[in-house]
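J.: Here it is, the structure in full.
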Amino acid sequence: TANKGFAGVAADKSDTEKAVVLAGIAATLWSHKITPVFDNLAALAFFKSRRPQARAGFFVTNAGGIEAAAAVHAGADFLVGLEYLKPETVAELRKTFPDAVIINVLSKADGDVMALAEETIKAGADGVQLKPMSEFVEGAQFEQAGETLTNLQAQYPQLMIVGAGGIFGEKFANVLKMGVLPAVGFPSPESVPVEAAKYRAAADQTHDV
């Protein structure tokens, strides 16, 4: 991500310089086949201007119509809910950006996840992000899918499902084995090259099993 979790990155730099630094971090992720998701529009635009074929996402909210338009114009391929996107928000995004991949975030705190999923899929979402992932799995290391995740996969076999929150180490591989795309974070910008390489290696090894 851009500012999210990296608020201190290039804090003493201009907005343009900060965007360049953040785009560089995203480039490192992409070099390991990890799709970056931004919440800094300038960083997204700089990244896509240098790597137009790379895939990238942007976080949107229920009040983010104008910002979503700017993100798509800058080259965002994915629009990811930073909060639960209401059905009317998803429907408007789908109507306005027919080619964008829309991923809505779902949490048990927002209500019945199966009902929310049905609403957001009918509104036009391509996928859902389950957060925190710990609520949708069983076992300390996320050894197996929980009831809600199992039901989602059975009812919507073509649905893109992303898991987020506390996915690292053995949990990362276990989430992949469930057929869920893990969203990962990094403790610091400096950690990105090493940690991204570890995630890539774990993903490759999991797919080889």
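J.: Inside the stretch 49-72, can you point out the residues that are open to solvent by less than 20 Å² (accessible area, probe 1.4 Å) and assigned to a helix (DSSP H, G or I)?
T.: If the condition is that a residue be open to solvent by less than 20 Å² (accessible area, probe 1.4 Å) and assigned to a helix (DSSP H, G or I), then ALA68, ALA71 are the ones that fit.
J.: In this structure, does ALA201 turn out to be more than 20 Å from GLY57 (Cα to Cα), more than 19 Å from the chain's Cα centre (by Cα) and among the small types (Gly, Ala, Ser)?
T.: Answer is yes for this residue.
J.: If you don't mind, there's one more thing I want to ask. Give the residues of the stretch 153-167 that are closer than 19 Å to THR206 by Cα and either part of a strand (DSSP E or B) or in contact with a strand residue (DSSP E or B) (Cβ under 9 Å, 6 or more places away or on another chain) (or both), sorted by residue number.
T.: MET160, ILE161, VAL162, GLY163, ALA164, ILE167
J.: Which of (1) free of Cβ contacts under 8 Å to residues at least 60 places away in the same chain; (2) under 14 Å from the mean Cα position of the chain (by Cα); (3) open to solvent by less than 30 Å² (accessible area, probe 1.4 Å); (4) over 30 Å from GLU88 (Cβ atoms) does PRO36 not meet, given it meets every other one?
T.: For PRO36, the failing item is (4).
J.: I'd like to know if the stretch 129-136 contains one or more residues that are part of a strand (DSSP E or B), surrounded by 15 or more Cβ atoms within 10 Å (Cβ to Cβ) and not charged (D, E, K, R).
T.: yes
J.: Return the residues of the stretch 73-112 that are in contact with a Leu (Cβ under 8 Å, 6 or more places away or on another chain) and not in a loop (DSSP other than H, G, I, E, B); say none if nothing qualifies.
T.: If the condition is that a residue be in contact with a Leu (Cβ under 8 Å, 6 or more places away or on another chain) and not in a loop (DSSP other than H, G, I, E, B), then ALA74, LEU79, LEU93, VAL101, ILE102, ILE103, ASN104, VAL105, LEU106, ASP110 are the ones that fit.
J.: From THR89, THR148, which residue is open to solvent by less than 40 Å² (accessible area, probe 1.4 Å), in contact with a helix residue (DSSP H, G or I) (Cβ under 9 Å, 6 or more places away or on another chain), closer than 27 Å to ASN40 by Cα and modelled with pLDDT of 95 or more?
T.: Criteria check complete, one pass: THR89.
J.: Moving on to the next point. Mind counting the residues in the stretch 174-192 that are farther than 17 Å from LYS131 by Cα and either part of a helix (DSSP H, G or I) or at pLDDT 95 or above (or both)?
T.: Residues meeting the conditions: 5.
J.: Looking at VAL37, VAL9, VAL21 in this structure, which one is under 21 Å from ALA197 (Cβ atoms) and modelled with pLDDT under 90?
T.: VAL9
J.: Right, another one. Does THR120 satisfy the condition of being surrounded by fewer than 17 Cβ atoms within 10 Å (Cβ to Cβ), over 16 Å from GLY57 (Cβ atoms) and among the β-branched types (Val, Ile, Thr)?
T.: no
J.: Turning to a different aspect of this structure: Filter the stretch 179-198 down to residues that are open to solvent by 30 Å² or more (accessible area, probe 1.4 Å) and of a type in the set (A, V, I, L, M) and give me whichever is farthest from the chain's Cα centre (by Cα).
T.: VAL194
J.: Pick out the one residue from GLY127, GLY163, GLY146, GLY185 that is on the phi < 0 side of the Ramachandran plot, of a type outside the set (S, T, N, Q) and free of Cβ contacts under 8 Å to residues at least 24 places away in the same chain.
T.: GLY146
The values are calculated or read from the model by the stated rules, or taken from the named source; none is laboratory data. What you see is a predicted model, and the numbers here were worked out from it, not measured in a lab. Cβ: placed from backbone, ideal geometry, glycine included. Neighbour counts: every protein chain shown. All accessible areas refer to the heavy atoms of the entire protein, side chains included, with ligands and DNA or RNA removed. Shrake-Rupley method; radii C 1.70, N 1.55, O 1.52, S 1.80 Å.
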